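Student: The structure follows.
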Amino acid sequence: MLKTCLYKAFRYVLLVLVCYAVLPVTASPLRAEEKLSRKQYIEKYKDMAIRQMHSYGVPASIILAQGCLESGDGNSRLARLANNHFGIKCHDWTGDRIYHDDDAPQECFRKYASAEQSFFDHSEFLRTRPRYAQLFLLETTDYKGWARGLKKAGYATNPRYDTLLIELIEKNKLYQYDMRLPETTVIFEPDKTIASDLFVLDVERRVMKTNGVRYVLSAPGDTYQSLAKEYHLFTGELARFNDVSRKAGLPVGEKVYLERKRRKAHKTTPEKTAVQGESLLEVAQRYGIRLKALKNLNPGVKDHPEKGTVVRLR
């Protein structure tokens with residue numbers, strides 16, 4: 001009788017120990033299934049969105065808002081099983097894939113190794129598709145323009161897509177993350193060769209700075225179109241950096257800025273005196289200042305100021 005009781009007690013203790021040993025393993029999937037709130041999703045991915053904005057020029061607010069909508073705040077099947085936070089379909093994708101019912105049954109979607117890879121691919125997707133090119137002519141603070149542009153370009157089929165993005169951004173104050181591009185804006189390295197039907201030209205350019213802004217000097221045969229291609233920019237984007245139209249001519253030896261100019265000159269040059277025939281655009285290019293900002297600093301000054309006019313630079 002005693003042996004039987006001891007045996008039963010031993011079995012009970014052993015069962016309890018086994019249960020405690022297994023508990024963490026069985027509990028972890030439950031924790032993994034816990035849903036993120038919108039606030040948690042934004043907090044978790046805001047830094048990633050800001051990094052993408054700095055590298056690609058897509059507003060962080062737009063990245064976060066699209067992530068919230070497309071992934072259900074990170075809780076959708078695509079987000080959980082494929083790390084796909086933006087609902088990007090396969091298209092020309094050669095990597096892993098997942099099939100999911102969307103506009104049609106069992107559509108092909110991209111599958112990523114991590115959420116970070118999804119955020120990177122989203123920016124790359126927008127940057128390299130011609131239908132989104134016009135968006136990159138907008139300021140990173142113009143989230144309304146971006147939202148409307150995404151809808152117009154057909155990113156989603158929902159007719160209220162732009163409204164949903166704008167409302168989400170404003171309700172959660174995501175616009176606070178749309179800070180200006182930093183001083184260390186990413187500039188892609190130029191292609192070392194430019195191919196044509198007749199020859200291959202080796203390009204050796206020296207990238208210089210004025211007012212902390214990178215630029216190159218145009219060479220014979222250069223156009224804004226060719227330089228934009230060389231530095232992996234859109235033509236309209238490069239033209240905007242230099243305050244000219246897309247079809248503007250490009251004289252040899254002209255400064256061509258590869259990133260956004262500043263709103264004011266360096267503190268060592270607070271003003272200058274206009275010389276004969278000099279335009280405000282020439283002043284803006286010489287000192288690395290945006291033309292619009294220069295005009296705001298000098299209300300009433302003509303586009304071609306008279307000789308001797310003092311032009312404020314900051």
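Results for (1) at pLDDT 90 or above; (2) farther than 18 Å from Val58 by Cα; (3) in contact with a Lys or Arg (Cβ under 9 Å, 6 or more places away or on another chain), shown as yes or no for each residue.
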residue: Arg80; (1), (2), (3): yes, yes, no
residue: Trp93; (1), (2), (3): no, yes, yes
residue: Asp96; (1), (2), (3): yes, yes, yes
residue: Glu107; (1), (2), (3): no, yes, yes
residue: Arg110; (1), (2), (3): yes, yes, yes
residue: Pro130; (1), (2), (3): no, no, no
residue: Leu138; (1), (2), (3): no, no, no
residue: Lys151; (1), (2), (3): yes, no, yes
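Student: Mind telling me which of the residues Lys111, Lys46 ends up being touching a residue at least 60 places away in the same chain (Cβ under 8 Å), surrounded by 15 or more Cβ atoms within 10 Å (Cβ to Cβ) and in the same structural domain as Lys151 (by TED's automatic domain parsing)?
Tutor: Lys46
Student: Which condition breaks for Ala79 when tested against (1) over 21 Å from Tyr155 (Cα atoms); (2) surrounded by 20 or more Cβ atoms within 10 Å (Cβ to Cβ)?
Tutor: The single condition Ala79 does not satisfy is (1).
Student: If I filter segment 156-168 down to residues being touching a residue at least 12 places away in the same chain (Cβ under 8 Å) and either in a loop (DSSP other than H, G, I, E, B) or in contact with a Pro (Cβ under 9 Å, 6 or more places away or on another chain) (or both), which single residue comes out as surrounded by the fewest Cβ atoms within 10 Å (Cβ to Cβ)?
Tutor: Thr157
This table checks each residue for (1) outside the structural domain of Thr210 (by TED's automatic domain parsing); (2) modelled with pLDDT of 90 or more; (3) not aromatic (Phe, Trp, Tyr).
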| position | (1), (2), (3) |
| --- | --- |
| Glu230 | no, no, yes |
| Ala239 | no, yes, yes |
| Val244 | no, yes, yes |
| Ala265 | yes, no, yes |
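Student: Another question about this same structure. Going by the conditions given, is Ile62 under 14 Å from Tyr155 (Cβ atoms), touching a residue at least 40 places away in the same chain (Cβ under 8 Å) and of a type in the set (A, V, I, L, M, F, W, C)?
Tutor: Spelling it out, Ile62 is indeed under 14 Å from Tyr155 (Cβ atoms), touching a residue at least 40 places away in the same chain (Cβ under 8 Å) and of a type in the set (A, V, I, L, M, F, W, C).
The values are calculated or read from the model by the stated rules, or taken from the named source; none is laboratory data. Just so we're clear, the structure is a prediction, and the values are computed from it rather than from any experiment. Glycine also receives a Cβ, built like all others from the backbone with ideal geometry; neighbour counts cover every protein chain displayed.
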